[in-house]
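Step one of this worksheet: look at the structure below.
FYI, it's all coordinate maths here, none of it is from the lab. Because the structure is a prediction, the values reported are computed rather than measured. Please note: Cβ atoms are built from the backbone with ideal geometry, for glycine as well, and neighbour counts cover all protein chains shown.
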């Protein structure tokens, strides 16, 4: 059996590539993954934080590298990674004799915020099926497509569920109490020819709206013939999708040919 | 309406009108701080918060800000290298405080308690309390600033003018000027004009974001009510988050505000733009 995956990412219109605050984790090359465990992760760094790109990157890597991901451990590891990068940044500024200005100190104290969607696949070739386990904080979404239908959608169900106030993980521990995180977990199974999509919120909201109108938006998500960036820019120009950093991971599970 | 994304290429602006008349020297009941001192502190703080909102960590110029003081003198209230500036960018303001004071604040620790933390408090203008209340002249200044702004930024998220005062104007009836300001706008909507009246007497009950004039106690309150814009949805959402009951017709107006009400007024008045809308 084979699992094929690809990741696509573009910044908000008006921002440069180095200002992207989304981050993703996909496994390295793996031609035959029978009996293995695979992790995928996607995180949307929040604009109201500082160095949110470091935090989203830390979260996806912390999830991706765990054999059995545990959300609290992922968060703890990611915060430590972010704190370490922050300290390195501050030390380098001091070495260059350019200490932090008052607003830099204040914004760094406020910290960074991000969503996280992590999906942990286990595979067993003999039955042509396996399990997946997803965990989420915020509005980054997972969709499972089988026989041209959505059979699973997590964590948000309706296009009305998307707003400007998603739950976010913070680099400040006291803001990560369970009530604030609102974290969710779900389990599912996969079969050959299933396709999974992981998307950050702007694209997720578009995807859900399309399916609520009885359209099948996944049919247009084949980026052999059109660039992902052009596809998203067209949607932005037509105001079908919000202008925001946009990332998608597509995962397809195929039987051995 | 009121949905324009704010960007470095398409910023929005806030203009604060600050009453600096002699009566602002009165202290709040039971407190040691005068209305002038508190309003200056609160306005300096909201400017600080706007800067931090834009800091990545260097400030992105999503906002331009002006502060007009009106009392014995009328004009831009910024001090230091910003003296005389009607509007300045967030980065100019961030890098040019009059001074930065060291203060102590209590912040949560990681085990459910509070710890004292040193914090920097930048100051851009100092309290002043002297003279009459030339509110009409202040509104004329605001109108001029906003008109010039809109010529340069016709597609912006509409400018917001926040007027903080403690008494009746001494230079005429400001209602027509307020109407002219509210009629200005970008393609995204009309200018938002908000009024906060503060009282030093704790016995006077505050009226917060009313949606009809009948509950107001006097002509001055009704005047300020008529002068104020109906709050756009984003401001109503923030007001609801803070626990205020608001309706679709609620005005951006607070009467008999105490210090806490002033802080909430400024928070709500500058909340029309969520951080996720900033690019």
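Subtracting the Cα-Cα distance of residue B:29 and residue B:105 from their residue separation scaled by 0.36 nm leaves 25.0 nm. Comparing A:160, A:39, A:193 in a Gaussian network model of chain A where C-alpha atoms under 10 Å apart are linked, the largest mean-square fluctuation is found at A:160. With the simple model of a label 7 Å out from the Cα in the direction of the Cβ, residue A:37 to residue B:147 spans 7.0 nm. A compact globular protein would have a Cα radius of gyration near 2.2 N^0.38 Å; the ratio found for region A:1-154 is 1.22.
Shape class of chain B from the Cα gyration tensor (axes a ≥ b ≥ c, square roots of the eigenvalues): rounded, since a/c falls below 1.5.
Each label point was placed 7 Å from the Cα along the Cα-to-Cβ direction; for residue A:227 and residue A:73 their separation is 4.1 nm. Here the sum of -39500 (n - 2.57) over DSSP H runs of 4 or more residues, divided by the residues of chain A, equals -9000 deg cm²/dmol at 222 nm, to the nearest 500. Under the simplified labelling scheme, the residue B:260-residue B:73 pair shows an inter-label distance of 3.6 nm, with each label point 7 Å from Cα along Cα→Cβ. Rounded, prolate or oblate, given the Cα gyration tensor of region B:129-279, with a/c below 1.5 counting as rounded? The shape class here is oblate. Computed over chain A with a Gaussian network model linking Cα atoms closer than 10 Å, the most mobile of A:196, A:231, A:162 is A:231. Put in order of Cβ neighbour count within 10 Å, fewest first, the listed residues A:219, A:236, A:93 become A:219, A:93, A:236.
How high is the FRET efficiency between residue A:85 and residue B:3 when r is their beta carbon distance and R₀ equals 45 Å, given to the nearest 0.05? The formula returns an efficiency of 0.80 here. By the count of other C-beta atoms within 10 Å, a proxy for reagent exposure, B:85, B:105, B:27 are ordered fewest to most as B:105, B:27, B:85. Over all directions, the average projected area of the alpha-carbon convex hull for region A:111-257 comes to how many nm²? Dividing the Cα hull surface by four gives the mean projection, 10.3 nm².
At an R0 of 30 angstrom, the distance between the Cβ atoms of residue A:178 and residue B:117 translates into a FRET efficiency of 0.75. With kT/(6 pi eta Rh) evaluated at 20 °C and eta = 1.002 mPa s, and Rh the Kirkwood radius from Cα pairs, chain A diffuses with a coefficient of 112 µm²/s according to Stokes-Einstein. The calculated FRET efficiency for residue B:45 paired with residue A:234, based on their beta-carbon distance and R0 = 35 Å, is about 0.20.
For the protein assembly as shown, evaluate the Debye formula with one uniform point scatterer on each Cα (no solvent term) and list log10 I(q)/I(0) at q = 0.06, 0.11 Å⁻¹, rounded to two decimals. For the protein assembly as shown, the Cα-only Debye profile gives -0.35, -1.00.
Determine which residues of region A:238-253 fall in the zone a paramagnetic label at residue A:215 would reach in this model, i.e. backbone nitrogen under 13 Å from the point 7 Å along Cα→Cβ. Zone members listed by number: A:238-242.
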